[in-house]
Amino acid sequence: MNAVTDTEDRRNTARGRGRPRNDEDEGPAAELLHSIAAGVGLDRAGHTPLWVQLKNLLADQINNKTLLADTRLPSEQALCEIFSVSRPVVRSALAALSADGLVMKVPRTGIFVSPPRIETNFLTSNVSVHSDLEARGHKVTSETFLFERSAPDEAEARVFSLPPDGSVVRVGRIYRSDGRPITHTLISLPGHRVPALETIDIAGRSIFQILKDVYGLTSKRAERWFTATMPDAEVARRLEVERTQPLISIESIAYDANDIPLEYYRAFYNSAVARIHVSTGTFAN
């Protein structure tokens, strides 16, 4: 028996005698995913759930255009075989991809990569001022002064619509640009969506990356409000400014693909260190 025939026999056996053959289970997308599974695979000894790893792996292939829009993916069972995972793992990964608008299930037809979404929101992208500073050659560092799970305050309970016994996880950080304190931030996350987050070592790690890697959560848009304010004593101390120096107060709510609040962000920004630059594109006359 040659190698090709032997491979086909093993795949047919794995497919099961009673299940009809889906041509897409052995098509170009399947070949690509077989290659990815062999080359990258899933970390079965890590802390990140398998469904989150699979979701992120497929999302990366879609976002970098390796899997093109309208590509038909292999069936759930074929994905189970390709990545050696259970049906619940595949279904959870596909459900998360569907919620992010990356794939769509067509009844009695299959699973397809979704066409790119047309963005219509104006000035709602989650752009990081700190990333912009780094891109312009500045060294941005952070230090964490608060990391806890706690009962929500009034604003957090309102933003996340939390019940009386709900909780939030708060992360407080000071960001520095070239050694100078520039931003005092307090990030709040709904506790029920990030179980055991407070037990993770977040030193030097992006909260957004942890949300994606560990919980499969990503923000799709954000609303922000800016006001001028004077700092209280604690904020002034951490930002190394006088209490008479005005700061920019930033309040932001980030939403997931289902338009559910995922992050509540409150910050004080010292524009004396660096101005905030917003580009809105061009306008037609």
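All of the numbers you see were taken from the coordinates with simple rules; none came from a lab. Treat the numbers as computed from the prediction; the structure is a model and nothing was measured. Positions of Cβ are backbone-derived with ideal geometry, glycine not excepted, and every protein chain shown enters the neighbour counts.
When the Karplus curve 6.51 cos²θ - 1.76 cosθ + 1.60 is applied with θ = phi - 60°, which whole-Hz ³J(HN,Hα) does each residue of region 194-200 get, with x for Gly and Pro?
Taking θ as phi minus 60°, the curve returns 10, x, 6, 4, 5, 8, 8 Hz for region 194-200.
What is the set of long-range amide H partners of residue 221 at a cut-off below 5 Å, with H atoms built 1.01 Å from backbone N?
Here the answer is 255, since their amide H atoms fall under 5 Å of that of residue 221.
Once the Cβ-Cβ distance between residue 276 and residue 106 is put in as r, and R0 is 41 Å, what FRET efficiency do you end up with, to the nearest 0.05?
0.40
What nm distance separates the two modelled labels at residue 154 and residue 178, each placed 7 Å from Cα along Cα→Cβ?
Output for this residue pair reads 4.2 nm.
Sorted by mean Cβ packing within 10 Å, highest first, what order do the peptides 64-70, 30-36, 96-102, 152-158 take?
Put in order of decreasing packing, that is 96-102, 30-36, 152-158, 64-70.
Between residue 203 and residue 35, what is the label-to-label distance in nm when each label sits 7 Å out along the Cα-to-Cβ direction?
Spacing of the two 7 Å Cα→Cβ label points: 4.1 nm.
For q values of 0.09, 0.10, 0.18 Å⁻¹, compute log₁₀ I(q)/I(0) with the Debye formula on a Cα-only model of region 129-269, without solvent.
Scattering profile of region 129-269, log10 relative to I(0): -0.28, -0.35, -1.15.
For an R0 of 35 angstrom, estimate the FRET efficiency from the Cβ-Cβ distance between residue 63 and residue 146 and round to the nearest 0.05.
After rounding, the FRET efficiency stands at 0.60.
For region 48-100, how big is the tail of P(r) above 19 Å, as a whole percent of Cα pairs?
For region 48-100, the share of Cα pairs beyond 19 Å comes to 18 percent.
Taking θ as phi - 60°, what are the ³J(HN,Hα) couplings along region 70-76 by the Karplus curve (6.51, -1.76, 1.60), each to the nearest whole Hz, with x for Gly and Pro?
Once θ is set to phi - 60°, the couplings for region 70-76 become 6, 5, 8, 7, x, 5, 4 Hz.
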